[in-house]
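Take a look at the structure set out below.
Please treat every number below as a calculation from the coordinates, not as lab data. Just so you know, these numbers come straight off a predicted model, no measurement behind them. Every residue, glycine as well, gets a Cβ built from its backbone with ideal geometry; the counts of neighbours run over all protein chains shown.
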Amino acid sequence: MHRRIETTSFYLFRQHFPDSDACLAHLMRVRYGGTEIDFPKCGVHSKFYRETRDPAYICRDCKHHTFPCAGTFMHRTHLPLHKWFYAMFLFTSSRRGVAAKELERQLDVSYPTAWRMAHLIRKHMDVIDGEWSLDGEIEANETYVGGEAKGPDADSMPARPPYSA
Ligand SMILES: [Zn+2]
């Protein structure tokens, strides 16, 4: 189940989730189907735009605010969404799991915060692996990047940074 993300690099994670906005957009896609959807609240096929002050999207038709984090373990925390996503990336890319001490170090958060994050992520690992899969996002983007690539060997080249580390 974790096979794909284990081969996915931190480089790709950074590329596809560069900031909290990208993470919010991911949640909007996986939970609501994107920003152009049949919206049950107003019953029309509507486009959503980003609310700039809150982590929300607004229906262009009825102006309803949709909070992609609502009802998730990330709602009402003061941590940037990006830290949650990085923590989820660490969990999904590690077969042995991640210690709270490690999260504390990698995310630059306090130990109690790291402990709480680890607890919540472990508890919700099924949804992180399933519906929210960061993996699917990275895979889809790789396909897109692959399509843009020029050159005879582009298709057969493994996904990797354009430079060697
Ligand atoms: Zn609407």
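Computing FRET efficiency as 1/(1 + (r/R0)^6) for His64 and Arg95, where r is the C-beta to C-beta distance and R0 is 41 Å, gives about 0.50.
For the range 1-110, the relative contact order comes to 23 percent (Cα pairs under 8 Å, sequence separation of at least 6). Cβ crowding within 10 Å ranks Tyr32, Tyr57 as Tyr32, Tyr57, fewest other Cβ atoms first. The order of the peptides 89-99, 33-43 by mean Cβ neighbours within 10 Å, most packed first, is 89-99, 33-43.
Counting only lysines at least 8 places from Lys101 when in the same chain, those with an alpha carbon closer than 16 Å to its own are Lys83.
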